[in-house]
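> Sending over a structure as structure tokens; questions will come in a sec.
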Amino acid sequence: MKKLLVLNHKMGMLYDEVYYYIDRLNKIDTDMDIIVCPSNIYLEAFLNNSDYPVGCQNVYYETDINNTGEISTTQLKSLGVEYSLVGHYERVSKFHENENIVNQKLLAIVDANIFPILCFGEGESEDYREVLPKKLDAYLKEVDNIEFITFAYEPEYAVGTGILPNINKIKEVTEFISGYLEKKYGKKPNLLYGGSVDSSNIRDIINIDSINGVVIGGISSNILEVEKIIKEVK
């Protein structure tokens, strides 16, 4: 299976950088699968010009038009967006998206035939064996089939901090997650790692057998950094 690289731009790109970024991204030589998640205001530019599938960073679970400032699954489908992040720690911590909201978003995304990239993780002082099963069970409530979900394990203390867990710890936790989900749903999950991934550590992370790829955060909006990262795993 090819390794997957998800580029979560967050708010890291200005309009005059968009087409330069797309042009250089299209010229990258790699065997990896890539999904680009730009800001919503740039979705159409990437959909019309990028050679890679496009995902959104956030979506609302209701389709009622009377929700100022939100974006619906219906709108995303009309654009041709194929993927959506959901459950990202920055949404949970800064915008107070609780487990019920994440679950509703996930169900809406699945119902719209958009592929979810479900983010989850534990705090630094928390026992992942206790926290992650409970969190996953809450997020996956009423989900019968995980086949079309990509899971992104992102320890909360590693998101946007530059703090990378020990490689052996990442291997240990991702093996636990994979085993838990496979036992419960009868299918081995498509599992990524995210949190402070860069060109200095990508090679060690991508070679962990229990993961199928990585999520790159804010630095992924810098195409020169993306090129450096991909060069390390070619």
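The values are calculated or read from the model by the stated rules, or taken from the named source; none is laboratory data. Since the structure is predicted, the reported quantities are computational estimates derived from the model, not experimental observations. Glycine also receives a Cβ, built like all others from the backbone with ideal geometry; neighbour counts cover every protein chain displayed.
> Out of (1) modelled with pLDDT of 95 or more; (2) under 18 Å from the mean Cα position of the chain (by Cα); (3) surrounded by fewer than 19 Cβ atoms within 10 Å (Cβ to Cβ); (4) more than 19 Å from residue 5 (Cα to Cα), the odd one out for residue 161 is which?
(1) is the only condition that residue 161 fails.
> Would you pick out the residues in the stretch 39-52 that are crowded, with 16+ Cβ neighbours inside 10 Å, within 13 Å of residue 76 (Cα to Cα) and not hydrophobic (A, V, I, L, M, F, W, C)?
39, 40, 42
> Given 60, 128, which one is within 23 Å of residue 214 (Cα to Cα) and modelled with pLDDT of 95 or more?
Details: 60 fails: within 23 Å of residue 214 (Cα to Cα).
Criteria check complete, one pass: 128.
> Ok, one more. Can you pull out the residues in the stretch 199-234 that are out of contact with any His (no Cβ under 8 Å at 6 or more places or on another chain), polar (S, T, N, Q) and touching a residue at least 12 places away in the same chain (Cβ under 8 Å)? Lay out the reasoning, then the answer.
Initially, the stretch 199-234 is screened for residues out of contact with any His (no Cβ under 8 Å at 6 or more places or on another chain), giving 199-217, 219, 222-234.
From the residues that got through so far, the ones that are polar (S, T, N, Q) too are 199-201, 207, 210, 212, 222.
Selection gives 199, 201, 210, 212, 222.
> Could you go through the stretch 23-38 and let me know if any residue there is farther than 23 Å from residue 91 by Cα, surrounded by 12 or more Cβ atoms within 10 Å (Cβ to Cβ) and under 18 Å from the mean Cα position of the chain (by Cα). Spell out how you get there, then give the answer.
The first filter runs over the stretch 23-38 and keeps only residues farther than 23 Å from residue 91 by Cα, leaving 23-33.
So of that shortlist, the ones also surrounded by 12 or more Cβ atoms within 10 Å (Cβ to Cβ) come out as 23-25, 28, 30, 32-33.
With under 18 Å from the mean Cα position of the chain (by Cα) added as a condition, the list becomes 32-33.
Yes: the stretch 23-38 contains one or more residues that are farther than 23 Å from residue 91 by Cα, surrounded by 12 or more Cβ atoms within 10 Å (Cβ to Cβ) and under 18 Å from the mean Cα position of the chain (by Cα).
> While we're on this one: Given the residues 202, 223, 149, 230, which is the only one that is modelled with pLDDT of 95 or more, crowded, with 21+ Cβ neighbours inside 10 Å and either of a type outside the set (Val, Ile, Thr) or closer than 19 Å to residue 35 by Cα (or both)?
149
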